[in-house]
1. Could you say which residue among 142, 168, 242 is without any contact (Cβ under 8 Å) to a residue 12 or more places away in the chain, within 26 Å of residue 126 (Cα to Cα) and not in a strand (DSSP E or B)?
2. Hey, among the residues in the range 173-190 that are touching a Ser or Thr at 6+ places or on another chain (Cβ under 9 Å) and assigned to a loop (DSSP other than H, G, I, E, B), which one's surrounded by the most Cβ atoms within 10 Å (Cβ to Cβ)?
3. Which ones in the range 74-90 are at pLDDT below 95 and either surrounded by 19 or more Cβ atoms within 10 Å (Cβ to Cβ) or among the polar types (S, T, N, Q) (or both)?
4. Within the bounds of the range 191-212, is there any residue that is farther than 22 Å from residue 236 by Cβ, of a type in the set (Val, Ile, Thr) and touching a Ser or Thr at 6+ places or on another chain (Cβ under 8 Å)?
5. Only residues that are of a type in the set (A, V, I, L, M) and under 17 Å from the mean Cα position of the chain (by Cα): list them for the range 33-60, please.
6. Show me the strands (runs of 3 or more DSSP E) found entirely inside the range 1-83 where at least 2 residues are hydroxyl-bearing (Ser, Thr, Tyr).
7. Only residues that are polar (S, T, N, Q) and either under 21 Å from residue 176 (Cβ atoms) or at pLDDT 90 or above (or both): list them for the range 27-54, please.
8. Tally time: how many residues in the range 112-134 are within 24 Å of residue 189 (Cβ to Cβ) and either at pLDDT 90 or above or in a loop (DSSP other than H, G, I, E, B) (or both)?
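The values are calculated or read from the model by the stated rules, or taken from the named source; none is laboratory data. In this text the structure is predicted, and so the values were computed from the model without any measurement. Glycine gets a Cβ as well: all are built from the backbone with ideal geometry, and neighbour counts include every protein chain shown.
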Amino acid sequence: VPDHNILSGPSFTLALDSKKRVLVGTEHGVWQQTNGTFELLHSSLADKSISSILLDHQNSIWVGTINHGLYRLSDLGIEKLDATAGLPNNRVFSLLEDLEKNIWIGTNGGLFRLRRALFTTFSQSQGMSGDFLRTVLQTSDGKLLSGGSAGLDIFSNDSFSSASLTTGEAFSVLSLAAVTEEVTLVGTYTKGVLRYENDQLTPYLDRQLGLPSNEVRAILLASDNSVWYATAQGVVQQTPDGKLSH
């Protein structure tokens with residue numbers, strides 16, 4: 001990684017832009033990999049802590065912040081959506097574009113669906129495990145997974161159900177990543193990485209198996225099919241044959 005002072009502090013999320021350049025969300029804005037170094041994506045975000053980044057089908061970049069709501073960078077410039085305009089909460093932890101091009105926003109006040117003509121907020125009153133959402137992801141079969149402080153919920157057929165660990169233990173979700181059409185990896189606060197497959201949630205990877213920390217904040221599937229884990233004690237790469245390096 002190129003040496004840059006701004007990247008020596010906490011980094012909260014990773015994404016790729018339309019040209020497959022790395023975007024890093026930090027406590028001082030979004031930084032974009034350019035010609036072997038990193039540059040600030042937009043000066044308006046320089047004083048914002050960035051919690052999530054999404055590239056949509058129109059190549060617009062959506063940026064969720066810790067306490068300043070949601071931003072969109074597009075050909076129109078930079079736009080903002082926050083609680084004064086209908087967002088349930090200004091603390092945005094996760095972003096997803098589904099197969100119907102809806103934008104799903106996980107906040108500290110519930111799950112918000114952004115459509116062209118209709119906004120919908122989902123929370124505990126609609127059957128979710130909790131209102132503190134950190135990450136959302138859509139599986140290949142169209143299910144929506146949402147993870148937060150109260151666990152993992154599955155939205156299917158217009159209703160929510162919760163996923164329980166086969167061990168029966170409680171867990172808090174920080175990150176989600178689909179690594180195959182059937183398998184989704186679940187990063188947690190204290191349980192390392194869990195594996196969700198065929199509606200079953202099982203332990204997969206933790207400190208005893210080589211992770212430097214059980215707090216897994218982000219998971220990314222790379223083009224070479226290796227999996228990268230951002231933990232509280234550094235970044236780990238897992239090769240396709242299962243070997244870990246950090």
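1. None of the other options fit; the residue is 168.
2. Across the range 173-190, the extreme among qualifying residues is 189.
3. 74, 81, 84, 87, 88, 89
4. no
5. Correct list: 50, 53, 54, 55.
6. Where strands (runs of 3 or more DSSP E) fall fully within the range 1-83 and carry at least 2 residues being hydroxyl-bearing (Ser, Thr, Tyr), they are 11-16, 50-55, 70-74.
7. 32, 43, 44, 49, 51, 52
8. Residues flagged as within 24 Å of residue 189 (Cβ to Cβ) and either at pLDDT 90 or above or in a loop (DSSP other than H, G, I, E, B) (or both) within the range 112-134 amount to 8.
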